[in-house]
1. Once the piece of chain linking Glu165 and Arg79 is laid out straight, how much longer is it, given 0.36 nm per residue of separation minus the C-alpha distance between them?
2. What do you get for GluC sites (Glu not before Pro) in the stretch 24-118 restricted to DSSP loop and a cutoff of at most 11 other Cβ within 10 Å of the site's Cβ?
3. For the chain, what mean projected area does the convex hull of the alpha carbons give, in nm²?
4. What is the sum of charges around Val179, taking Lys and Arg as +1, Asp and Glu as -1, for the other residues whose C-beta is under 11 Å from the C-beta of Val179?
5. Kindly identify the stretch 122-210 as rounded, prolate or oblate by the Cα gyration tensor criterion: order the square roots of the eigenvalues as a ≥ b ≥ c, call it rounded if a/c is under 1.5, otherwise compare a/b with b/c, prolate if a/b is larger, else oblate.
6. Grab the Cα-Cα distance for Ser114 and Thr15, subtract it from 0.36 nm times how many residues apart they are, and report the gain in nm with one decimal.
7. Would the stretch 1-142 count as rounded, prolate or oblate if I go by the C-alpha gyration tensor, calling it rounded below 1.5 in a/c and otherwise prolate when a/b exceeds b/c, oblate otherwise?
8. For a quick check, take a GNM of the chain with Cα springs below 10 Å and name the residue from Val49, Val107, Val179 with the largest mean-square fluctuation.
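We did not get these values from a lab; they are worked out from the coordinates using the rules stated. Only a predicted model underlies this, so the values are computations on that prediction, with no experimental measurement involved. Here the Cβ positions follow ideal geometry from the backbone for every residue, glycine too, while neighbour counts run over all protein chains shown.
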Amino acid sequence: MSEPQTSSNNADVATLRPPPRHIAIIMDGNGRWAKARGLPRALGHKEGVEALRRAVEASRELGLTHLSVYAFSTENWNRPQTEIDALFDLLRVFVRRDLARLQKDGVRICIIGSREGLSADILSLIDEAMEKTRDNTRLTLNIAFNYGGRGEIVAAMQEIARAVEAGRLKPDQIDEAMVSRMVWTGESPDPDLVIRTSGELRLSNFLLWSGAYAELMFMDLWWPDFTRESLEKAIDAFRRRDRRFGGLGA
Ligand code: FPP
């Protein structure tokens, strides 16, 4: 991790912040991981699923309540059809193979994003995974699939506009708390920390509303190389950050 990109790193042990409850991850670098090994990009994504399994397990063990991951963005439709198919297949495989274990481990699966353009089998898989795990409380795993942050805000605005049009809501009643409830991440607390792997320094349309106050961390490793130790390092660096939420701090 290149900590110079992670802003202030000045807390001593006595002033460590509480650990994050909700971490969000832009799982970037699958393609480059594969290319460096002379492998097809799809194999990089497959190895990315292994890293995701490790991250879920570590998040549960390290006491996070929420983990959000960016698995397929609305911009990813611009990729070659073979790669899109591979990513959809990985979602199918992940849900089918891991659902029973996630259920046993108390993981609630929420697949967040637009339903537009998704096939009937993917939609029913999403519904099944969400329905079966809805009462689990140990860890919520938000999988952003067919997700875009601007689209998420537009969808919330459309819902609000419809309520105003129907006379159920007055414009003055619209506030930040209401929008926070209406975005796709509405059932989760805001992320405390957004991690992006692969060294790229962008949010790429991820959690634009709920991530407003998140700490950002850019890690110099490709997603398939992400381990429990990577997560521990990120949590440790987060706890040394000085969070002021626009105020002057302690
Ligand atoms: C970015 O790496 C990663 C993605 C676009 C997809 C992330 C998906 C997974 C880790 C696996 C899917 C998991 C599920 C549950 C569906 P990139 O392809 O842009 O890599 P590059 O920037 O090196 O080319």
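1. Value of the extension gain: 27.2 nm.
2. Passing sites in the stretch 24-118 are Glu116.
3. Numbers: hull surface 60.5 nm².
Spelled out: convex hull of the Cα atoms, projected over all directions, averaged, 15.1 nm².
4. On the way: positive: Arg181; negative: Glu152, Glu159, Asp175, Glu176.
Here the count lands on -3.
5. Oblate.
6. Length difference between fully extended and current span is 31.5 nm.
7. Oblate shape, in that a/c is at least 1.5 and b/c is the bigger or equal ratio.
8. Fluctuation is largest for Val179.
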